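The values are calculated or read from the model by the stated rules, or taken from the named source; none is laboratory data. Computed from a predicted structure; not experimentally measured. For neighbour counting, all protein chains shown are included, and Cβ atoms are generated from backbone atoms with ideal geometry for every residue, glycine included.
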């Protein structure tokens, strides 16, 4: 499949040069790459740049498992077929998006994966004054201005007809479901997206260091420029509505976010650590089946979860005092499940967001009342390991 990808690139010498040119590999201890933000770098304007970037990134970060070649093929087809729309969108909209002024401070949802961040995003997007990323806008972040009106409808029809499931959230696939903004960075081929660590999980631990905890300030600045562009893109598309951002990695990036958005508002949602662990295991297993180009063992997945949770939330506890009290609200996943209206009112009151969408929330809850959470059994040895590794979390957020 790699050979096929190279053949596809032969008519395009510049992408081919980019593919074979040396570039720092994402491994522990390697020097930080020079700053090159996607939307300010001329490379992304080269035809079929994403195809070359995808193959090069895969080759430099563990290669591609033979059993995952079909997934690589899907990625390549996506970029090849939609390349004209990407280039036209850059030509028409990039300068307009860059010049767009964000009128209302964004809202950032914080919390580890599987803590209820997606559910909270799903509720808050009911507010007609809020704009947020969706599965379609994150997967097709480089072209959705030109493709959303027709391609989204076609994909939703296909998903409905074939009864395709969105396994990550255990629901029917719908391109309008909310999604992480970091995934959009991955789709535009930003090297500063930690979501590359899901596609190439052998590099995930190092990407936590580089793209979440930011060992290097230069990398943080580059990430912030790409992230800001995607936030502006959502704002411009919506006519200036307030942007709601959800990417769990932001939980450890508060200091950097506040440099760009000092008036930003933050909602931190927490869940009992044992449930987070089990649900995170399920998330990784699903990602492995459907998205990853690598195969990693279950023991490796367990280590990734244990280490990432500890580092992400420890950093949050260190940084949360940097946020002014009136700009941060913390809620519990269990409370949101038991009394969603009370918790949404709490959020809107504390952050001064105006009138909560109570009518829309009532309709949403009625439509989703049949959803049931999965219950897991926890072996004694796992309980002991979690209690030892995540003791700070059990103390801070008891079940």
Open item on the list: Could you tell me how many of the residues in the stretch 356-399 are touching a strand residue (DSSP E or B) at 6+ places or on another chain (Cβ under 7 Å) and either without any contact (Cβ under 8 Å) to a residue 24 or more places away in the chain or within 27 Å of residue 166 (Cβ to Cβ) (or both)?
Closed with: 0
- [ ] Could you tell me which numbered condition residue 398 fails, if it satisfies all but one of (1) at pLDDT 95 or above; (2) surrounded by fewer than 16 Cβ atoms within 10 Å (Cβ to Cβ); (3) assigned to a loop (DSSP other than H, G, I, E, B)?
- [x] (1)
TODO: Return yes or no: is residue 347 touching a strand residue (DSSP E or B) at 6+ places or on another chain (Cβ under 9 Å) and within 20 Å of residue 241 (Cβ to Cβ)?
DONE: yes
Task: Residue satisfying all of: in the stretch 154-179; under 17 Å from the mean Cα position of the chain (by Cα) and in a strand (DSSP E or B); surrounded by the most Cβ atoms within 10 Å (Cβ to Cβ) among these - done: 178
Task: Top-ranked residue in the stretch 249-268 [being assigned to a helix (DSSP H, G or I) and out of contact with any helix residue (DSSP H, G or I) (no Cβ under 6 Å at 6 or more places or on another chain); ranked as surrounded by the fewest Cβ atoms within 10 Å (Cβ to Cβ)] - done: 259
- [ ] Select, from 200, 244, 213, the only residue that is in contact with a strand residue (DSSP E or B) (Cβ under 7 Å, 6 or more places away or on another chain) and at pLDDT 95 or above.
- [x] 244
Open item on the list: Of all residues being under 21 Å from residue 329 (Cα atoms) and surrounded by fewer than 18 Cβ atoms within 10 Å (Cβ to Cβ) in the stretch 79-118, which is farthest from the chain's Cα centre (by Cα)? Just the residue, please.
Closed with: 104
Open item on the list: Based on this model, can you work out whether residue 226 counts as assigned to a helix (DSSP H, G or I), touching a strand residue (DSSP E or B) at 6+ places or on another chain (Cβ under 8 Å) and touching a residue at least 40 places away in the same chain (Cβ under 8 Å)?
Closed with: no
Task: Residue check, residue 133 in contact (Cβ under 8 Å) with a residue 60 or more places away in the chain, farther than 25 Å from residue 314 by Cβ and under 14 Å from the mean Cα position of the chain (by Cα) - done: yes
Task: Output for the stretch 371-393, where each listed residue is under 25 Å from the mean Cα position of the chain (by Cα) and under 15 Å from residue 280 (Cβ atoms) - done: 373, 374, 390, 393
- [ ] Return a yes/no flag: does the stretch 202-214 have any residue that is in a loop (DSSP other than H, G, I, E, B), more than 16 Å from the chain's Cα centre (by Cα) and touching a residue at least 24 places away in the same chain (Cβ under 8 Å).
- [x] yes
- [ ] Please go through the stretch 323-341 and pick out each residue that is surrounded by 12 or more Cβ atoms within 10 Å (Cβ to Cβ) and in a helix (DSSP H, G or I).
- [x] 327, 333, 334, 335, 336, 337, 340, 341
